[in-house]
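Here the structure comes first, spelled out in structure tokens, and everything after it is commentary.
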Amino acid sequence: QKLRNCNLSNMLGVMRHSERLDEKNPEDDWEDKNTRIYDTPICNFDLPKEEALKIKKYNFNKLVCSPFRRCLQTAKLVAEELEIDSITVDKQMGELMYKIKNLIENEEDFTYLTLEQMNDILGDNISISDIINDSPDFSESPIDGKIRYMNTLKKYIEEIKISGDNVMVVTHGDAVNAFGEILGSPLIIYNVQECCTAVLKPVDDSNCFIDSNRLEYIES
């Protein structure tokens, strides 16, 4: 569904990160692959720019990002196209922990990028305004991770109702799937391509689905 001719404020969007190097070119290495195999870079740097241009009409003025490298790299390119000069890093929008546990044995082996490393990714023209929320529990189940995404996105919806901001969240594919279930008319999002986007607007006591790119869904 699309809401035509609506007031373009109080928007919340989600975008999946760009194509993963470890999936597209699994034989390739990156600097810390041996110690942080769960934190792959992206390998397609044009796709985020192309998709950002499609959502520029919504005048997103705030950008939130998962702390994972692939999301930070994607967010940098999106921020440049949307002319946003700072990013909030939200640990609650990070990868599902069970997927990380499939790659490493011990919780002690899991770390986020340092602030210095994050800033190196974002470059001189984009800053980190804040790093917020606690890390997810390393033992979380897939269901707990889905609930984490839904609850965090609901908090952003409540915040934009008050602030009037238009917020884009660059995150992971499972978060985009969860996004469909918090709409007033829930959607089952079943095909989440890299750099897909979905946008909603709070309307009265529900959330109206506005637009999407590079994803497929059915209404439940």
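The values are calculated or read from the model by the stated rules, or taken from the named source; none is laboratory data. In this text the structure is predicted, and so the values were computed from the model without any measurement. These area figures cover heavy atoms from the full protein model, side chains too; ligands, DNA and RNA do not enter into them. Shrake-Rupley method; radii C 1.70, N 1.55, O 1.52, S 1.80 Å.
Among the listed pairs Lys99/Lys146; Lys57/Lys201; Lys49/Lys154; Lys101/Lys146, those with a Cα-Cα distance over 19 Å are Lys49/Lys154. Against the 2.2 N^0.38 Å scaling, with N counting residues, where does region 26-77 land? I'd like the Cα-based Rg ratio to two decimal places. Ratio of Rg to 2.2 N^0.38 Å for region 26-77: 1.36. One quarter of the convex hull surface built on the alpha carbon atoms of the chain amounts to 11.6 nm², the projected area averaged over directions.
Available extension along the chain between Ser139 and Phe45 is 30.6 nm, counting 0.36 nm per residue and deducting the alpha carbon span. Rolling a 1.4 Å probe over the protein heavy atoms leaves Phe110 with an accessible area of roughly 30 Å².
When Rg and Dmax are taken over the Cα atoms of region 80-133, they come to 13.7, 40 Å. The string of couplings for region 130-142 from the Karplus curve (6.51, -1.76, 1.60, θ = phi - 60°) is 6, 10, 10, 6, 6, 5, x, 5, 4, 8, 4, 7, x Hz, one whole number per residue in order, with x for Gly and Pro.
How far is the Cα center of region 107-124 from the Cα center of region 38-65, in Å? About 19 Å separates the Cα centre of region 107-124 from the one of region 38-65.
Based on the Kirkwood radius over alpha-carbon pairs, what value in µm²/s does the Stokes-Einstein equation return for the translational diffusion coefficient of region 6-129 at 25 °C and 0.890 mPa s? Taking Rh from Cα pairs, D becomes 159 µm²/s. Here region 139-202 has 53 percent of its accessible surface on carbon and sulfur atoms, given a 1.4 Å probe and all protein chains in place. Ordered from largest to smallest accessible area (heavy atoms of protein chains, 1.4 Å probe), the residues Ser66, Ser212 come out as Ser212, Ser66.
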